[in-house]
Every structure is written in structure tokens, then in C-alpha cells.
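Report on the following structure.
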Amino acid sequence: MKSTKFSPMTQEQIDKKWWEIGNYFRRNSLWMLMYCTGCCAIELPPAMTSAYDMERLGMGPMATPRQADVLLVTGYLSLKTLRRLIYTYEQMSEPKYVVGFGSCTINGGIYHDSHAVINKLDQYIPVDVYVAGCMPNTEAVMNGFTDLMGMIKNKTARGWLDYKERNDWYKKNQLDSLGEVLVHDEFHE
Amino acid sequence: MMNSMNNVEFLNELVNSKFNVVKTEIINAEQMSFIVDSRDVHTLLTLLKTSGWKQLSYLSAIDWIKEDEFELVYIVFNWDRPVHIQVRTRIKRDRENASFETIIPIYPGAKYYEREVHEFFGIKFPGNPDFHKQLILENWDDMPPLLKDFDPRAYSDSHFEKRDYPEKHINLNNQESKQEKRQKRNLKSLLLRNGGKK
Ligand code: SF4
């Protein structure tokens, strides 16, 4: 018998509702994986400790990529670190978000003409939020995190979907700059 | 206990009595540098190691492109007499065949430093079984990057995508500059901090 009060929802609508519920909890409890590549990482200790206390936003550090939601890329990335970063990013479980810190991830910053570091992070992995500055102020970092939460709420933090949709494009860029993404070195083989 | 000046004098005596040092430099009480002929490096390092300088802290190189020479800098350290010693020597700058005998028999840890120098300057170290292996740069496809005639900007331009800045980012929607307002506000907050006076 059909209920007169509620019209039944399609599976799609039900999924969407569950995603909304999931997003609510997700954005209020973000576990971050800190890939502290550059000097911008020094902004994290004040953000995490009593000065700004990011735990009041519900954010905490996480030790492994598989359990983390947010990947923080704090600063310049050499080709070597980029390889490891792509590994790490691909290991994270979905949905996953990326925050890029500092001008180094945006346009290369003071290392824009270096032979060793890449210039534009969103060429290789999708970035949801950039925090500008060299290094960014801790307030800016906190602001970036609240922006990310807002984006999760508005469903605009779609980087991980983009990575699936345009995977060929990202892979091509990775290969263009890196030659090969797989890591070969004597210490791991 | 010996004080550190004694250490420097001791070293000066030790090295200069046995070697034909091109130049001795006393940088301060904890640092000395000896410039020697490239043939003397191995014997000098052996002497220093047997005298207690048993840690190889670093091996670096300098590219003197105008003089057509590479300079190798060995830095050794002693835990009983706290003096860092730099042993400097120059070899011919030959892009393809510059080479220098390894010091692995004296300092086994030099293995990795020599690989690094080979990677960044292209100097070969015969006697080191894997000096040619990659260590820091992965899949490097150009000339050694710390040579002075390497152009990092050209390499970066050709390998890494740059961000384009369309003009509208510079002056968004023809807004006028807020610089003056900002300065006034800063001044005011400064005044307030000083108690509103002056
Ligand atoms: S943006 Fe500045 S502070 Fe951040 S990693 Fe780059 S150079 Fe360091």
C-alpha cells in the first residue's frame, strides 16, 4: 500500500540524502594527512596547538593515507616528492580533498625557475583549496580549512571526482614532467 | 685538557710538516682549511683519519667555470679535538671525463657523497663501484644540474607547466586601489596601540 503522506524517493534521491548526511559528519570531522614537503609546514604547529587549536573545527592529524580525508601539501614539491605524493594521493580513500599551501604549490613561488621543483600542483593532482602566501599566515591557513568545510557543504570540493573523470589528462601531465611515476630505487627494491 | 687554539696549532704543525700545502687557512678556532695538490689528498686524508679525524662530514664540489677547474672539498671532523677540516683540491674541469680516485678505502661513507657529486657535477670516481647510480635526482635527463653552464630556467620552462595570469587578475573589475585606506587603518591601529596620542 502506498503511503499518502510521503512520496517514496528514488534510489538516486536516497543516495543523495545519505551523501548529504555523510558530508555533514565528514566536514565536521576532518582527518588530515600532512605531507610536509616545504617550509610552509611550519604554519601547522601553531594551527594545531593552543594558539589556533584546529581541533575546535574538528580537524585532527592522521597517520596513514588510507584513513585520512584531507591531504595537506605544504610547499614546494621536487620531482622526487611529487612521485611519492601521487602514490599517497591515490592511496587515500574517497572522498578525498587536497589543500595546497603557499605560493610554491600555486605557481612555483621563489623556486619558479628551479630545475628541481614543479610549478603548478593542480596540473598533477586536483587541488580543492589553495592558501596563498609565502608562507601563509596561520589565520589564512585556518581560513583555508573553513573554506574547505564550506566547499564540502556546498558540494564544490569535487577534486577527487575530477581526478576520476579527467584521469587521462592528469596522468599525461604526470608523465610529461616526471617521465615515470613509478619509484625505482635501490632502497625499496 | 687542551684548548681549541692548541688544536689548530697542532693541526698546522701536523699537516704542514708532512705535506706541501698550497694554502693553509685558519677560519676560526673550530675550522681550518688546507688546499693541497690532488695527488696528496688520499695520503692527507689517511693521516687525518689516523690522527682522530675519523668522521667524513661532507664531500662537495665547486664548479670554477672560468678557471676551467672543479674544486673538491672534503670536510672531516674529530670528536676529541673539535676542529672541522676542509681538504680542498682542484681537478681539471672536463665535462665528459673529469674523475678523481675514490676515498672509500679511507672513509667508507664516502660512497654516497661521491654518488651525489657525480650526479650533480658529473665527476667520476673510479674505485667506487656505484658512483654512476642515481641517488637524489630520479630519472634525470639532462646535464648535471649544478654545473654553471646548466640553465635551470630553460629546464624548468621546458619541463614544468607554468601558471598563466590573465590580466584581469591584476586589476579585478577596474576596482580602485585600496592601498591608501589600508594604510590609514594601519596608522589608526598604531595610534590606538600608543594610547591614541601623537
Ligand atoms: S611558499 Fe614560501 S614558505 Fe611555502 S614552501 Fe614555498 S618558499 Fe617555503
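Here are the numbers:
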| item | result |
| --- | --- |
| Pairs where the first residue, in the range B:31-45, is over 17 Å from B:Ser17 (Cβ atoms) and the second is among the hydroxyl-bearing types (Ser, Thr, Tyr) and not in a helix (DSSP H, G or I), C-beta under 6 Å, 6+ apart | B:Ser38/B:Thr89; B:Val41/B:Thr89 |
| Number of positions in the range A:116-139 that are more than 10 Å from the ligand (Cβ to nearest atom) and among the hydrophobic types (A, V, I, L, M, F, W, C) | 6 |
| Residue ID - surrounded by the most Cβ atoms within 10 Å (Cβ to Cβ), chosen from residues in the range A:70-115 that are within 14 Å of another protein chain (Cβ to nearest Cβ), closer than 21 Å to A:Ala132 by Cα and more than 11 Å from the ligand (Cβ to nearest atom) | A:Leu82 |
| Failed condition for A:Tyr52, given (1) part of a helix (DSSP H, G or I); (2) touching a Pro at 6+ places or on another chain (Cβ under 7 Å) | (1) |
| Residues that are part of a strand (DSSP E or B) and away from the ligand (no atom under 16 Å from the Cβ), drawn from the range A:1-49 | A:Leu30, A:Trp31, A:Met32, A:Leu33 |
| Boolean, B:Lys148 is in contact with a strand residue (DSSP E or B) (Cβ under 8 Å, 6 or more places away or on another chain), of a type in the set (Lys, Arg) and in a loop (DSSP other than H, G, I, E, B) | yes |
| Hits in the range A:138-185 - residues which are within 12 Å of chain B (Cβ to nearest Cβ) and open to solvent by 80 Å² or more (accessible area, probe 1.4 Å) | A:Trp169, A:Lys172, A:Leu175, A:Asp176, A:Leu182, A:His184 |
| Search result, residues across the range B:80-110 that are free of Cβ contacts under 8 Å to residues at least 40 places away in the same chain, buried (at least 18 other Cβ atoms within 10 Å of the Cβ) and farther than 20 Å from B:Met143 by Cα | B:Thr102 |
| Pairs, first at positive phi in the range A:56-85, second of a type in the set (S, T, N, Q) and within 16 Å of the ligand (Cβ to nearest atom), C-beta under 8 Å, six or more apart | A:Gly75/A:Thr37; A:Gly75/A:Thr105 |
| Wholly enclosed strands (runs of 3 or more DSSP E) of the range B:1-96 bearing at least 1 residues acidic (Asp, Glu) | B:23-28, B:55-64, B:69-77 |
| Options A:Leu148, A:Leu175: the member that is free of Cβ contacts under 8 Å to residues at least 12 places away in the same chain and outside any loop (DSSP other than H, G, I, E, B) | A:Leu175 |
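The values are calculated or read from the model by the stated rules, or taken from the named source; none is laboratory data. Everything numeric in this text was worked out from a predicted model, so none of it was measured. Ideal geometry is used to build each Cβ from the backbone, glycine not excepted, and the neighbour counts take in all protein chains shown. For accessibility, only protein heavy atoms count, side chains too; no ligands or nucleic acids. Shrake-Rupley method; radii C 1.70, N 1.55, O 1.52, S 1.80 Å.
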